[in-house]
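The values are calculated or read from the model by the stated rules, or taken from the named source; none is laboratory data. A quick note: this is a predicted structure, and the numbers were derived from the prediction, not measured. Virtual Cβ from ideal backbone geometry, glycine too; neighbours counted across all protein chains shown.
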Amino acid sequence: MITNIAPVDSHQPPSASMRALKEDGYAIVRAAVPAELIAAIDRDLDPRYAATPFCEGGFYGERTKRFGRLLIRSPHVGALVMNPAILALAEAALGDWCERIQLNLAQAIELHPGALPQFPHRDQNLLSEQAPPPLARGLGHAQRPPGRME
């Protein structure tokens, strides 16, 4: 498991985030959006979290809840997925491989007490080995392990 996750401040030049993405395969961008935006999304998604059953299986986590379709569940999610700092990273990472970026999944994940943390990983089955690794963004919600899902 990766434990030395180094966050990048959103006010740093994109090169710092891009360097982290290229060297580590992921980048955590702190303060990418105002805390109020995350709080509004959290409020919008609370009823869905309450209605969602726990996942099944070791990969998904039996003390974890997940659901997608976030863009229709909260009017605030659009500002998150269209964040200029994140889009700049996606364009820099994928620019040579595609003409345009298309969002494949906007998923919320809630870890409950006793949930095993999922380490950063690549979903190898989504793309061929010749394509760059997919970029994923997730919303953390409740019981966030320190230094993760921010």
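Screening Ile5 on (1) modelled with pLDDT under 85; (2) surrounded by 14 or more Cβ atoms within 10 Å (Cβ to Cβ); (3) not in a loop (DSSP other than H, G, I, E, B) shows it passes everything except condition (3).
Here Ala92 meets each of (1) part of a helix (DSSP H, G or I); (2) hydrophobic (A, V, I, L, M, F, W, C); (3) surrounded by 14 or more Cβ atoms within 10 Å (Cβ to Cβ); (4) modelled with pLDDT of 85 or more with one exception, condition (4). Taking the criterion of being in contact with an Asp or Glu (Cβ under 7 Å, 6 or more places away or on another chain), under 22 Å from Gln118 (Cα atoms) and not in a strand (DSSP E or B), the residues of region 32-85 that qualify are Tyr49, Phe54, Cys55, Glu56, Glu62. Would you call Ile109 surrounded by 13 or more Cβ atoms within 10 Å (Cβ to Cβ), touching a Gly at 6+ places or on another chain (Cβ under 8 Å) and either at pLDDT 85 or above or part of a helix (DSSP H, G or I) (or both)? Yes, satisfied.
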